[in-house]
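Here's the structure we're looking at; comments come further down.
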Amino acid sequence: MTSPFGPMVVIANPQAGRGTIGAELPEVERVLQDGGLDYRIVRTTHPGHATQAAREALEGGERYLVAAGGDGTIHEVVNGMLHDDRPVAADAVLGVLASGSGCDLVKSFGLPGDAVEGARRLVGDGVRRIDVGKVTCAAGSAQTVRYFPNVAQAGVGAATVARACALPGFLGPAKYFCGFWLALPSFRPGTVRLDADGEAFQWRGHNVVVANCRFYGGGMQISPKSEPDDGALDVLVMVGPKSDAFTIVPKVYRGTHLPHRNIVELRASRVRIETDPPFPVEADGEIVGTTPATFEVIPLPIQVKV
């Protein structure tokens, strides 16, 4: 027996969640076996391995890919599912077994934050087709292109990700919170020039959030109005003093920080950002480069198992 989408390929990062995924895989397998599902497991061993595994599975005719890990694992699998802004296989389905220090994508879909419970949701035929963001940014003397299903940032948010990655794993989801307060004092605001679907803006600011979904940073509801299938990206530009963070951050967890006098809210299908000085850029918790950066929405290329 198999699922309506064919045999399942579970692409697992055994180190995610301080080794949680690796420890939970035997129980995940039991759930899949009890459900009568055909599957195989690919255990990733290095950065980019999940992207490679996803691409090879699709090129080999498999269509049901399950990312087991945090948002970084999902990010890699999605990048293996797309090529030149098009799905490698239009009928492919993405399942998620959530774990890791941050797995925020699942929160926008009401999916379990636990891998074993998530495995029970992999049966059936319920799917939701979603948009995916695309970022093209500077990477040294070259350019890089990455796809992101969740949230990207340029500015102190990306600096936060860099600091959080250096913190010990035992902090779990609190790594982002701690990383933010470590990155904030030394980060210098700059001139932000932004073009949103042909409309030009300029401010002095310290962060730009480009959101396809609502949550990031271990449960912060940064973009509460975002819908992942509306054909647009929600853009938040932080233009006030950095001291705003003391009152804004607690509200972000509840999604009650908007509207705010020092946060510019925009919606666009294409956003170009230039900053002086250059800001770091992250997507789905992965540092990808620096500004200048262009963010675009790819309408509905991915089906998510819900």
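Descriptive notes on the structure:
- Meets criteria (at pLDDT 95 or above, under 16 Å from the mean Cα position of the chain (by Cα), surrounded by 19 or more Cβ atoms within 10 Å (Cβ to Cβ) and of a type outside the set (Val, Ile, Thr)) for residue 224: no
- The numbered conditions (1) in a helix (DSSP H, G or I); (2) modelled with pLDDT under 90; (3) surrounded by fewer than 21 Cβ atoms within 10 Å (Cβ to Cβ) are all true for residue 162 except (2).
- Single unsatisfied condition, residue 112 versus (1) more than 26 Å from residue 224 (Cβ to Cβ); (2) touching a helix residue (DSSP H, G or I) at 6+ places or on another chain (Cβ under 6 Å): (1)
- Residue 233, sole failed condition from (1) over 14 Å from residue 157 (Cβ atoms); (2) surrounded by fewer than 17 Cβ atoms within 10 Å (Cβ to Cβ): (2)
- Of all residues making up segment 89-108, the number that are of a type in the set (Gly, Ala, Ser), under 26 Å from residue 224 (Cβ atoms) and either touching a Cys at 6+ places or on another chain (Cβ under 6 Å) or at pLDDT 95 or above (or both): 2
- All conditions but one from (1) within 17 Å of residue 279 (Cβ to Cβ); (2) crowded, with 22+ Cβ neighbours inside 10 Å apply to residue 203; the one that does not is (2).
- Residue match in segment 268-279 (condition: of a type outside the set (A, V, I, L, M, F, W, C), surrounded by 23 or more Cβ atoms within 10 Å (Cβ to Cβ) and under 21 Å from the mean Cα position of the chain (by Cα)): no
- All strands (runs of 3 or more DSSP E) inside segment 1-75 with 2 or more residues being β-branched (Val, Ile, Thr): 8-12, 39-43
This table checks each residue for (1) touching a strand residue (DSSP E or B) at 6+ places or on another chain (Cβ under 8 Å); (2) closer than 20 Å to residue 111 by Cβ; (3) buried (at least 18 other Cβ atoms within 10 Å of the Cβ); (4) in the same structural domain as residue 112 (by TED's automatic domain parsing).
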residue: 22; (1), (2), (3), (4): yes, no, yes, yes
residue: 29; (1), (2), (3), (4): yes, yes, no, yes
residue: 33; (1), (2), (3), (4): no, no, no, yes
residue: 36; (1), (2), (3), (4): no, no, no, yes
residue: 64; (1), (2), (3), (4): yes, yes, yes, yes
residue: 77; (1), (2), (3), (4): yes, yes, yes, yes
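- Out of 184, 122, 171, sole residue that is more than 21 Å from the chain's Cα centre (by Cα) and either on the phi > 0 side of the Ramachandran plot or surrounded by 15 or more Cβ atoms within 10 Å (Cβ to Cβ) (or both): 184
- Pair list, Cβ < 7 Å and 6+ apart or interchain, from segment 23-42 residues that are without any contact (Cβ under 8 Å) to a residue 60 or more places away in the chain to residues that are part of a helix (DSSP H, G or I): 39/32; 41/25; 42/53
The values are calculated or read from the model by the stated rules, or taken from the named source; none is laboratory data. What you are looking at is a predicted structure, and each value in this text was computed from that prediction instead of being measured. Glycine gets a Cβ as well: all are built from the backbone with ideal geometry, and neighbour counts include every protein chain shown.
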